[in-house]
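Remarks on the structure that follows.
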Amino acid sequence: MDQATLMIFGIAVLAAIGIGGVGFVFVGGESKSQQRVARVARAGKARLAPSDNEVDNSDKRRKQVQDTLKDLEEKQKAQKKRIPLRTRIERAGLDIEVRVFYIASAVAGLIAMLLLYVSGMSMLVSVLGGFAAAFGLPRWFLSYLVKRRQKAFAEEFANSIDVIVRGVKSGLPVNDCLRLIANEAPEPVRTEFQGLVEAQRVGVTLEQGLEKIYERMPLPEVNFFMIVLAIQQKTGGNLSEALGNLSKVLRDRKKMRAKIQAMSQEAKASAGIIGSLPPAVMLLIYFSSPGYMDVLFTTTAGNLIIVGSLVWMGIGVFIMKKMIDFKF
């Protein structure tokens, strides 16, 4: 084999080796790269896929939340079945005994009956008026005090929740935040939280104390607050974030309430005019022509007409009140 043949053979071998190397780079290297990408992808999927323990913890927490909500709903349904008079007096913020309320009701009914009888009404009308005054007037006044106190509580409750949020973010325990509200919050929030703090001192749990507050203040805002704290105690979580969201919800409800009141003022004014028109016309006729109205006060038929008119007038006012009373 001469030198030229050896050179050609060497060049052919080198060319074959070069072609094989290029093929290895493009084929073998690509497969390794793909294998590495596949391994990384599998590792990422393994990290993203929840483990069996995480799934079990999520299911347990969901079940705990459901059980907590179910217990709260059952307790609230039991409270709504029958509201004793003692609870109504506490909701109104009055520090009196039940017997004092009954005595005041009897005195109001007796005074109303005497005033009607002295003014010339018959005994039947006087007795009916005294009965209505004894059973209606004190309870109406009690309901008025309850609604006024609940409204004042709802106005300041969102600010109290903000105090708890800031205290928790700064590192204070929840009990210290509650004591801060009990000392510095305006009435009636201060009185309710003072009862909660004093109950905790004698061993009452936070959940039981909140249930007592909800019993005296059956408001959706208090219900939301009780649910948030109960769930946070049993399942954990970011309390400051949850209470911050609750405070935002309560302020949005307050804005919605003000908007509804503004939009319903026209209907309320119309209902007030319609409701006050019959007694106003009756008074004008009585003062302008007293003899024309004497038949209603001096005869039994006239007294029955007055009673029937008052009943129908009360039904009409009640219906108008239901039409303009928006629930949200």
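The values are calculated or read from the model by the stated rules, or taken from the named source; none is laboratory data. These numbers were taken from a predicted model, which means no experiment stands behind them. Neighbour counts run over all protein chains shown; Cβ positions are idealised from the backbone, glycine included.
Numbers below:
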| read-out | value |
| --- | --- |
| In the range 110-134, the residues that are surrounded by 13 or more Cβ atoms within 10 Å (Cβ to Cβ) and either assigned by TED's automatic domain parsing to the domain that holds A185 or touching a residue at least 60 places away in the same chain (Cβ under 8 Å) (or both) | M121, S122, V125, L128 |
| Residue match in the range 96-108 (condition: in contact (Cβ under 8 Å) with a residue 24 or more places away in the chain and of a type in the set (D, E)) | no |
| Among the candidates I227, I213, residue that is of a type outside the set (S, T, N, Q), at pLDDT below 85 and closer than 28 Å to R86 by Cα | I227 |
| Qualifying residue in the range 138-148 (condition: modelled with pLDDT of 85 or more, within 21 Å of the chain's Cα centre (by Cα) and either among the basic types (K, R) or closer than 23 Å to E241 by Cβ (or both)) | yes |
| Those helices (runs of 4 or more DSSP H) lying entirely in the range 239-325 with at least 1 residues exposed (fewer than 15 other Cβ atoms within 10 Å of the Cβ) and more than 26 Å from the chain's Cα centre (by Cα) | 265-288, 290-298, 300-324 |
| Members of the range 135-187 found to be part of a loop (DSSP other than H, G, I, E, B) and crowded, with 18+ Cβ neighbours inside 10 Å, listed by number | A185 |
| Residues within the range 263-288 that are of a type in the set (G, A, S) and touching a residue at least 40 places away in the same chain (Cβ under 8 Å), tallied | 4 |
| Selection count, the range 285-313, where residues are within 17 Å of L116 (Cβ to Cβ) and of a type outside the set (G, A, S) | 15 |
| So E215, is it touching a residue at least 60 places away in the same chain (Cβ under 8 Å) and either over 16 Å from V165 (Cβ atoms) or of a type outside the set (S, T, N, Q) (or both) | yes |
| Hits in the range 92-114 - residues which are part of a loop (DSSP other than H, G, I, E, B) and more than 29 Å from the chain's Cα centre (by Cα) | E97 |
| Residue check, G129 under 30 Å from F297 (Cα atoms) and either part of a helix (DSSP H, G or I) or touching a helix residue (DSSP H, G or I) at 6+ places or on another chain (Cβ under 8 Å) (or both) | yes |
| Any chance K234 is part of a loop (DSSP other than H, G, I, E, B), more than 20 Å from L116 (Cα to Cα) and at pLDDT below 85 | no |
| Selection count where residues are on the phi > 0 side of the Ramachandran plot and part of a helix (DSSP H, G or I), scope the range 188-214 | 0 |
